[in-house]
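Right, one structure below, let's go through it.
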Amino acid sequence: MASDDERPRRRRVKPADASAAPSKAGLTERVKTARGRKTASTEWLKRQINDPYVRRAKAQGYRARSAFKLLELDDQYGLIKKGARVVDLGAAPGGWTQVAFERGASSVVGVDLLETAPIAGATLLVGDFTDEETVEAVRAALEGGEADLVLSDMAANTTGHRPTDHLRIMSLAEAGAHFAMEVLTPGGAYIAKVLKGGTENTLLNELKRAFKEVRHAKPPASRADSAEAYLVAQGFRGRA
Ligand SMILES: C[S@@+](CC[C@H](N)C(=O)[O-])C[C@H]1O[C@@H](n2cnc3c(N)ncnc32)[C@H](O)[C@@H]1O
């Protein structure tokens with residue numbers, strides 16, 4: 001699996017209170033190791049079952065626990081403006097698209113290697129964002145308009161080999177950044193999943209030239225034992 005998020009579900013979206021961190025008290029369940037199930041998948045299952053964000057996502061109708069990461073980032077940095085046009089790279093199963101609409105976006109163009117079940121108002125494409133054809137399709141879906149916010153939660157399947165995983169995630173963040181710099185409206189923002197302590201200087205310097213503020217963020221919903229972090233670039237200076 002590419003992410004540590006919950007598998008796709010179709011449920012009604014209810015408003016979320018991202019400020020209240022879920023409590024784990026008294027809720028831990030044990031998972032029996034089934035014959036034939038590898039320890040790693042038993043561990044994954046145990047973590048899913050006992051993860052308070054997974055429970056909350058289910059209860060509040062989000063398709064993935066990652067929805068809380070965007071809610072928390074938005075609470076902290078005020079990213080999703082009323083009426084915003086949003087691009088969601090690595091959109092499946094749709095948690096961030098749900099949050100974008102809930103927080104006031106007027107349109108979302110999403111793309112993923114996997115199909116994302118429909119969400120009213122969203123244009124959801126299937127394709128590999130590292131292919132120029134897919135990038136063109138996303139640009140075309142914006143119908144010549146600019147975007148106010150480009151989100152990238154793209155993550156390739158991990159190999160367990162840190163340098164390889166690092167290169168893969170950074171090349172996705174870079175592809176998203178270059179796209180963002182082409183389509184963002186002045187003042188717009190770009191968010192990308194990266195690995196902690198690992199944003200290449202070249203990308204960081206490029207973003208610092210193009211945006212007024214660039215920071216790394218680790219929202220509480222991002223698992224403490226994961227090297228994942230987010231790059232938050234705000235105040236796009238516009239194209240020369
Ligand atoms: C962590 S999940 C995204 C979860 C999503 N933000 C949500 O809230 O539902 C990462 C996604 O990135 C997608 N992805 C990875 N590489 C990609 C690529 N080259 N092009 C498009 N999507 C990609 C994966 O298929 C996966 O669905």
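Of the residues Ala100, Ala67, the single one that is small (Gly, Ala, Ser), touching a strand residue (DSSP E or B) at 6+ places or on another chain (Cβ under 6 Å) and at pLDDT 95 or above is Ala100. For the stretch 189-226, residues that are crowded, with 16+ Cβ neighbours inside 10 Å, in contact with a Lys or Arg (Cβ under 8 Å, 6 or more places away or on another chain) and in contact (Cβ under 8 Å) with a residue 24 or more places away in the chain total 5. Looking across the stretch 77-110 at every residue that is crowded, with 21+ Cβ neighbours inside 10 Å and assigned to a strand (DSSP E or B), the one that is farthest from the ligand (Cβ to nearest atom) is identified as Arg85. Quick one: would you say Thr134 is hydroxyl-bearing (Ser, Thr, Tyr) and under 19 Å from Ser171 (Cβ atoms)? Yes, satisfied. Of everything listed in (1) surrounded by fewer than 20 Cβ atoms within 10 Å (Cβ to Cβ); (2) more than 11 Å from the ligand (Cβ to nearest atom); (3) modelled with pLDDT under 75; (4) within 27 Å of Val232 (Cβ to Cβ), the single unmet condition for Ala2 is (2).
The values are calculated or read from the model by the stated rules, or taken from the named source; none is laboratory data. As the structure is a prediction and not an experimental result, all values here were calculated from the model. We place every Cβ from the backbone using ideal geometry, glycine too, and count neighbours over all the protein chains shown.
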